[in-house]
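Okay, so here's the structure we're looking at.
The values are calculated or read from the model by the stated rules, or taken from the named source; none is laboratory data. Computed from a predicted structure; not experimentally measured. Glycine gets a Cβ as well: all are built from the backbone with ideal geometry, and neighbour counts include every protein chain shown. The protein model used for the area step is the full one, side chains on, heavy atoms only, and it has no ligands, DNA or RNA in it. Shrake-Rupley method; radii C 1.70, N 1.55, O 1.52, S 1.80 Å.
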Amino acid sequence: MLNRLVRWARKKSPWILHLNSGACNACDIEVVAALTPRFDVERLGVLLKATPRHADVIVATGPVTRQIKDRIIRIYEQTPDPKFVVAVGACAMSGCVYRGAYNSLGGLDQVIPVTAYVPGCPARPDAILDGIVKLLGTL
Amino acid sequence: MKFNIPIGPQHPALKEPISLRMTVEGEVIRDADLRLGYNHRGMEKLAEEKNWTQNIYLVERICGICSHSHATCYVQGVEKLMEIEPPKRGLYIRYLVSELERVHSHLLWLGVAGHEAGFDSFFMYTWRDREVVMDLLEMISGNRVHYAMNTLGGVRRDLDEIQIKKILDGLVVLRQRTEYYFKIGASEPTFVGRLAGVGYLSKEKAIALCACGPTARASGITADVRKDDPQAVYDEVPFDVCTADSCDVLGRTVVRIKELMESYKICEFLLRNLPAGDIAVKAPKKAKPNEVVSRYEAPRGENIHYIRSNGTERPERLKVRAPTLANYPATIEMLKNGFIADIPLIFAAIDPCICCAERTVELVNARSGEETVVRFGDLRKLAGERFAKSPVKRNAVWPF
Ligand code: SF4
């Protein structure tokens, strides 16, 4: 019973954490754009949180630079279970143009497990929305 | 009693990830120190492995907000190296996109400034209006953020009559909205009071520390690459360089709103006088050994690319100096003698990355060595409380 309630709550109100792992900012502004009036994810109960300890879903962008790697792992560990990671943008999927650069690891899944990928360079806000909704659908 | 506050680098408030150490006394910042190099991706090295055309798309991805600025700065330079002259129509379209990008960037910034000042409805307003220009850019280029409009020797997409009309219509809406922001500034004493006097940077200091872009112009310096060293079309276009002399965050806001109006003017001029003809010429594969410095006025300030070629189809060296980097020393100056609660606002005022939502400030108590982590959200709350208690600066007026 309690589990059902928790699952319902989780589905209806996923709190997201926005994580930049060396992205070019385009994906990040699209994530923010998804929060503003045109797309307004808040109407779906999605709330942007500033700390990993409150978050259910990590929305991560960027190809993961060497410097930021340990911090990403730390943030992932700080997020309470069950947690989901959405990799937004071609960078987070595979490194995009930065693939092969000496300081980028080429994708988020090199470092932490990823649940959903949203393609695009940058991914459109509606695509990000779709990604999160699809992810919730699997719960 | 002094405290040390490290800020970042985990999710710094600045565009290029960075770590700041501050020494504070009570609530007043006495000194600040910068550490760079976080989030370094190795792009300049990567550029040496790609050919001239591939690099356009690489430099475009240096920054997502001024992507067209980097790409334009780069192609300007390479075109000089290759000694090719893009056709007029191509140039007009290229700089039209530049100006539209400036509009989107400044609207974005206004929203962020509102957000950091605790004026969230302003944030929602500007970001809603920003969608208008995003739609225009998407219509022109096919993508919302990375437009990929530039190519060596011109642009990749042409404009037709219907598009021109749509852009002109869009500009009318945007102009109305911007005028409305003017009015908000004039009729919101709390907003003006929050911004006035924060992050002071005197004119002499701004010159000495080589500030650029709106940060410098808000300190009364008329420096604008578009006027000082006009590339391509800018010497044909009538526009003014916008300055303010209040030297604070209020001035920076005013400069950006004024620049929005100028950008609309420039866009309209470019559209009305769009010459007929080709949009691009064919570029050679290789560039003769030479070197070039290319300057460009990005929304945040002067962007410089240094490119050296060695006769092959790849650059030998590509060096990028982004405007935010030029503004770091000035930021330190602004932070000094400011309040902890003003950090977000001062950061935001040089137009850094707004999207790093997870920003933390660590407060280290120098005496006990105890550390507390303060989130930016809490900082903002702190700022709100501080200003709720302090009387609104009644002498602060919207300078129009
Ligand atoms: S996927 Fe593209 S837009 Fe997104 S961060 Fe990477 S380079 Fe930038």
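Before moving on, here are some points about what is shown:
- Put simply, region B:57-200 fits an ellipsoid with semi-axes of 33, 18, 12 Å; these come from the alpha carbon gyration tensor as the roots of five times its eigenvalues, largest first.
- Cα-based Rg and Dmax for region A:1-135, where Dmax is the largest Cα-Cα distance (Å): 14.4, 51
- Long pairs among B:LYS45/B:LYS285; B:LYS205/B:LYS258; B:LYS227/B:LYS336; B:LYS205/B:LYS265, criterion Cα-Cα beyond 25 Å: B:LYS227/B:LYS336; B:LYS205/B:LYS265
- Rg over Rh, two decimals, region B:43-357 (C-alpha only, Kirkwood Rh): 0.97
- Both radii were evaluated on the Cα set of region B:65-129; the Rg over Rh quotient, with Rh as the Kirkwood radius, amounts to 1.20.
- Per residue, the accessible area of region B:224-298 comes to 42 Å², computed with a 1.4 Å probe over protein heavy atoms only.
- Across region B:131-222, Cα-Cα distances exceeding 21 Å account for 61% of all pairs.
- Across peptide A:99-107, the mean count of Cβ atoms from other chains lying within 10 Å of each residue's own Cβ comes to 4.
- Shielding by partners for peptide B:309-318, expressed as the average number of C-beta atoms from other protein chains within 10 Å of each residue's C-beta, is 0.
- A cut-off of 5 Å between modelled amide H atoms, ignoring neighbours fewer than 5 places along the same chain, links B:ALA298 with B:ASN303.
- Under 23 Å of direct C-alpha separation, and excluding same-chain neighbours fewer than eight residues apart, A:LYS11 reaches these lysines: A:LYS49, A:LYS83, A:LYS134.
- Centre separation in Å (Cα based) which lies between region A:27-73 and region B:153-207: 27 Å
- Value of relative contact order over chain A, rounded to a whole percent, pairs C-alpha under 8 Å and six or more apart: 26 percent
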